[in-house]
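The values are calculated or read from the model by the stated rules, or taken from the named source; none is laboratory data. Note that the coordinates shown come from a computational prediction; the quantities given were computed from them, not determined experimentally. No Cβ is skipped: glycine too gets one built from the backbone with ideal geometry, and neighbour counts run over all protein chains shown. For the accessible areas, the whole protein counts, side chains as well, though only heavy atoms, and no ligand, DNA or RNA atoms are used. Shrake-Rupley method; radii C 1.70, N 1.55, O 1.52, S 1.80 Å.
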Amino acid sequence: KAKWFNQQYLRQKDDKELAKEFLIDLNKRGFNPDINYVENVCRLIKEKAHFIKEFWDLGSFFFIAPDKYDEDVIRKRWKDNVPSAISKVKDDFIKFDELNDEIKLDEETTFKGWQPVLIRLLFEKSCESVSVNPGSVMQVLRVCLSGLGGGPVLWEMAELLGRDEVVNRLENALENIK
């Protein structure tokens, strides 16, 4: 029960305050990231944590690329056209010009820049262009980026990592997942 109360406390705590505390742990681990980046990481991972000491386990992938991938997800989902869909997503992300490209959702709505809704739309278009259901690839994309089968909102995670880092992680996953 105490864990639940602490989790509620963390969820309500200001991201700036959490970031200051998490930064101490990051510094001890040899990382010195920008405090605004750490704030955004805290915003994304605090929902899953009970204690600040869990932040590293929940969000280390924001600071170091995965070298292992969730074996259960890979065994179940890395088959058929999924690797080619991930490759297509990577290629389309490479082509995406963060400053100038935009995607129209409908007549009134256009998205521009590397932001969650645009990342999701680009991902879906990439999968559909190779006749793959985006839903069958989404968890694999998460694993390619974080190494984990679960975690914060995928599109916000990709936004925070940045396009270049996302592309690098997809390239590494395509080379290393068999």
Against the longest principal axis of the chain, how steep is helix 35-45, in degrees 0 to 90 to the nearest 10, with axes from Cα atoms? 80 degrees
Compute the long axis of helix 2-12 from its Cα atoms, compare it with the longest principal axis of the Cα atoms of the chain, and write down the angle in degrees, 0 to 90, nearest 10. 70 degrees
Just to be sure I follow the definition: excluding the sites themselves, where is the longest run in the chain that has none of the GluC sites (Glu not before Pro) in a DSSP loop with at most 11 other Cβ atoms within 10 Å? 1-106
Of the residues 30, 162, 135, which exhibits the maximal mean-square fluctuation in a Gaussian network model of the chain defined by a 10 Å Cα contact cut-off? 30
At 222 nm, what helix-only mean residue ellipticity would the chain give, in deg cm²/dmol to the nearest 500, using -39500 (n - 2.57) for each DSSP H run of four or more? -18000 deg cm²/dmol
Proximal lysines relative to residue 76, as straight alpha-carbon distance under 28 Å, when same-chain residues fewer than 8 apart are discounted: 48, 68, 88, 90, 125, 178
Tell me, in nm to one decimal, what length is gained between residue 35 and residue 9 on full extension, where the rule is 0.36 nm per residue of separation less the Cα-Cα distance? 7.2 nm
If you place +1 on the Cβ of every Lys and Arg and -1 on the Cβ of every Asp and Glu, how big does the dipole about the Cα centre of the chain come out, in debye to the nearest 20? 860 debye
For region 134-147, 3J(HN,Hα) per residue [Karplus equation, 6.51 cos²θ - 1.76 cosθ + 1.60, θ = phi - 60°, Hz, x = Gly/Pro]: x, x, 7, 10, 4, 5, 5, 4, 4, 5, 4, 7, 10, x
Ignoring ligands, DNA and RNA, what percent of the accessible area of region 4-128 is carbon or sulfur (1.4 Å)? 47 percent
Tell me the label only: which of (1) 140; (2) 206; (3) 97 is volume of the Cα convex hull per residue in Å³ as calculated from this structure? (1)
Quick one: accessible area per residue over the chain, 1.4 Å probe, rounded to a whole number of Å²? 55 Å²
Helix 163-176 axis, angle to the chain major axis (alpha carbon atoms, nearest 10°): 80 degrees
Paramagnetic label zone (point 7 Å from Cα along Cα-to-C-beta, residue 57; backbone N under 20 Å) in region 127-161: 143, 146-153
